[in-house]
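Inspection log for the structure reproduced underneath, given as structure tokens.
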Amino acid sequence: MGQGNGTSHIDVRYVADLARLELTDEEVEKFQGELESVLTYVDTLSRLDLSDIEPTAHANPQANVWREDGASESMCRDDVIRNAPDSAEGKYIRVPPIIEE
Amino acid sequence: MEYEAVIGLEVHLQVRTASKIFCSCANRFGEEPNTLVCPVCLGYPGVLPAVNKQAITKTIAAGMMCNCEIAGYSKFDRKNYFYPDMPKNYQISQYDLPLCQNGSVRIEGVGFSGDEIPRRHIGVRRIHLEEDVAKSIHVGSYSVIDFNRAGVPLMEIVSEPDMTSPDEAHAYLTELKQMMHYADISDCDMEKGQMRCDVNVSVRAVDNPGFGTKVEIKNLNSFRAVHRALSYEIERQKELLEESAAVEQETRRWNDEEGVTTLMRTKEEAHDYRYFPEPDLMPLQISADMREEIRRNLPESPASRRERFVQEYAITAYDAQVLTGEKALADFFEEAAAASSAPKRVANVIMTEFLGWLGDQGKTVRESPVGPEAIRELVSLVENETISMKIAKDVFSEMMETGKAPGDIVEEKGLQQVTDQSVIESYLQQVVQENPSVVDDYKSGKEKALKYLVGQVMKLSQGKANPQQVNDRLRDMLSQ
């Protein structure tokens, strides 16, 4: 993923941009090194024969943890509004202008 | 040069459930803003989603209606992006293991333009389940958010780029909506945002094996808008190609008032959503038993019902298309027709009189004051010649207004057809005597004159004479 330069595993600037993080040049260098070593460690896996191993999305061997469909009480709107950074008309959460997609 | 359009549709459909997909807030439209919300659907820190089984069951049912392969193993993933309608900064969706894949939707019949659509199967690439996002309203210098919609179960149905005309796209959407209604999966009300549709369209020269440049159209708020926008866009792209100008890859917005598409944005920024498996939700294992149970509860598809109606009730393909448009109507017709000796006539009464009346009154089939047995009885009164077609229309109006059984109305008002030979004979005598010049006209070869005389007899009998009988007797009498 990302636009790495071929030899590295990660482009820290690109990933930071996706995560809306602003990094100084020093931070970029620091994290580039740290994340690089983490990802290099993951490379260890590719030295193993994993052809008989099923891919797993979860470490926990459970599946179908679901609930039956049924509605119950929601939150009181005054609390919702109180928790929001800003509100409008006492019923909406107010945010900076969204440029229409 | 001959051109051909290549159309693909991406449809979002809200699943009808009692509660939202990951929390137990009610899934309801039209409530006061931000009253159907909780820490989960507001995306507060530290909360955990709990998936609604019914949303999964209905998505699988949708896949089965579309002839999809149902995944044995499926999971949810996080789709990461920043937007105020999704305060967690990720949407729980499905990435590489959707619940349903590789299906198809059959289209056929009379298209929106009125032209016949040859039967075709439109591929369904995948159907996945995700959470709907909040609704944002743009006020001007700021925006406001209503989270009632956030967390409503939402299916994304992606077609293959298999459609070649606005009619086919319209038919695909119509069929999809019908199937979802039949199986009680979604209400599909576009005005309520329960069904949303994005269109991709490109145009290529027929002898060119490659694809043209794809344009995406947004802001399509009705099937009609989809049809119009596609017609407009295909013409626009053709004209560009005729002038050897390039079609830009861009997103365009449909303007329904002016009937044009306008540029929204050109260069698609390459989205990188950094999907990864949702760690807060366990994967799904859809067992053969579960699939079997869902399949057992599926209704007959609209397509197979259309076919069956044509075979069993000897009605036309067009009649069947109209009568299966809505499940409630198809049920109504079938109940009326199944025990009737004249199903074709039942179809006619339902399609013209019944639907006409409902349309005038702005009522749905379910709100009809009479049941299917009333239509069947009315038709049988005509069939056994108790009343004429003309009287049947009056009885129909009366029964729709009062809800009374047609037989009772005929009885009460004495509307039985007069078949008594001597009574009819006396009417005939009277009309012939009163209209000597018309009689002469007929005798001198004016066929139309006979119609007039039959009309006079019918009038005299207050519509209760049998018109065929009158016609035949009159012809006999005047030829002597």
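The values are calculated or read from the model by the stated rules, or taken from the named source; none is laboratory data. Bear in mind that the values here come from a model prediction, so they are computed numbers and not experimental data. Ideal geometry is used to build each Cβ from the backbone, glycine not excepted, and the neighbour counts take in all protein chains shown.
Quick notes on this structure:
- Those residues of the stretch B:251-288 which are among the acidic types (Asp, Glu) and touching a strand residue (DSSP E or B) at 6+ places or on another chain (Cβ under 6 Å), in sequence order: B:Glu278
- Set side by side, the residues B:Ile122, B:Ile92 differ, and just one is assigned to a strand (DSSP E or B) and in contact with a helix residue (DSSP H, G or I) (Cβ under 7 Å, 6 or more places away or on another chain), which is B:Ile122.
- Within the stretch B:405-426, the residues that satisfy the criterion of being free of Cβ contacts under 8 Å to residues at least 40 places away in the same chain and hydroxyl-bearing (Ser, Thr, Tyr) are B:Ser422, B:Ser426.
- Qualifying positions in the stretch B:13-30 - out of contact with any helix residue (DSSP H, G or I) (no Cβ under 6 Å at 6 or more places or on another chain) and surrounded by fewer than 17 Cβ atoms within 10 Å (Cβ to Cβ): B:Ala18, B:Arg28, B:Gly30
- Test: residue in the stretch B:293-304 that is assigned by TED's automatic domain parsing to the domain that holds B:Asp408 and β-branched (Val, Ile, Thr): no
- Complete set of residues in the stretch B:259-307 that are over 26 Å from the mean Cα position of the chain (by Cα), more than 30 Å from B:Phe22 (Cα to Cα) and more than 10 Å from every other protein chain (Cβ to nearest Cβ): B:Thr262, B:Leu263, B:Thr266, B:Lys267, B:Glu268, B:Glu269
- B:Gln178 vs. criteria crowded, with 17+ Cβ neighbours inside 10 Å, more than 14 Å from every other protein chain (Cβ to nearest Cβ) and part of a helix (DSSP H, G or I): yes
- Every residue from the stretch B:136-156 that is part of a strand (DSSP E or B) and more than 10 Å from every other protein chain (Cβ to nearest Cβ): B:Leu154, B:Met155, B:Glu156
- Meeting the requirement of 2 or more residues that are touching a Ser or Thr at 6+ places or on another chain (Cβ under 7 Å) and facing chain B (nearest Cβ under 9 Å), the helices (runs of 4 or more DSSP H) wholly within the stretch A:9-101 are A:77-83.
- Strands (runs of 3 or more DSSP E) lying entirely in the stretch B:191-304 (those with 3 or more residues that are touching a Ser or Thr at 6+ places or on another chain (Cβ under 7 Å) and touching a residue at least 60 places away in the same chain (Cβ under 8 Å)): none
- Scan of the stretch B:361-382 for residues that are in contact (Cβ under 8 Å) with a residue 12 or more places away in the chain and farther than 13 Å from B:Ala336 by Cβ, ordered by number: B:Thr364, B:Arg366, B:Pro369, B:Leu381, B:Val382
- Sole residue being part of a loop (DSSP other than H, G, I, E, B) and either at pLDDT below 95 or not assigned by TED's automatic domain parsing to the domain that holds B:His227 (or both), chosen from B:Pro33, B:Pro45: B:Pro45
- Within the stretch B:113-168, the residues that satisfy the criterion of being among the basic types (Lys, Arg) and more than 30 Å from B:Glu32 (Cα to Cα) are B:Arg119, B:Arg120, B:Arg125, B:Arg126.
- Considering residues of the stretch A:56-90 that are among the charged types (D, E, K, R) and surrounded by 16 or more Cβ atoms within 10 Å (Cβ to Cβ) only, the residue nearest to B:Val139 (Cα to Cα): A:Arg77
- Residue within the stretch B:310-318 that is crowded, with 17+ Cβ neighbours inside 10 Å, of a type in the set (A, V, I, L, M, F, W, C), more than 30 Å from A:Thr56 (Cα to Cα) and away from chain A (no Cβ under 14 Å) present: yes
- When B:Arg125, B:Arg106 are checked against the criterion of being outside the structural domain of B:Ser304 (by TED's automatic domain parsing), crowded, with 17+ Cβ neighbours inside 10 Å and free of Cβ contacts under 8 Å to residues at least 40 places away in the same chain, a single residue qualifies: B:Arg125.
- From the list B:Asp146, B:Asp187, B:Asp132, the one residue that fits, being among the acidic types (Asp, Glu) and modelled with pLDDT under 95, is B:Asp187.
- Conditions (1) at pLDDT below 95; (2) surrounded by fewer than 17 Cβ atoms within 10 Å (Cβ to Cβ); (3) closer than 25 Å to B:Glu108 by Cα: number failed by B:Gly325: (2)
- With respect to the conditions (1) assigned to a strand (DSSP E or B); (2) under 25 Å from A:Met75 (Cα atoms); (3) within 14 Å of chain A (Cβ to nearest Cβ), B:Glu130 lacks only one, and its number is (3).
- Boolean, B:Pro39 is in contact (Cβ under 8 Å) with a residue 40 or more places away in the chain and over 27 Å from the mean Cα position of the chain (by Cα): no
- Scope the stretch B:310-328; condition of a type outside the set (Ser, Thr, Tyr) and outside any helix (DSSP H, G or I); matching residues: B:Ala314, B:Ile315, B:Gly325, B:Glu326
- Test result for B:Pro39, touching a His at 6+ places or on another chain (Cβ under 8 Å), at pLDDT 95 or above, within 14 Å of chain A (Cβ to nearest Cβ) and in a loop (DSSP other than H, G, I, E, B): no
- Among the residues making up the stretch B:42-62, those that are within 10 Å of chain A (Cβ to nearest Cβ) and without any contact (Cβ under 8 Å) to a residue 12 or more places away in the chain are B:Tyr44, B:Lys53.
- Boolean, B:Ala342 is surrounded by 14 or more Cβ atoms within 10 Å (Cβ to Cβ) and at pLDDT below 95: yes
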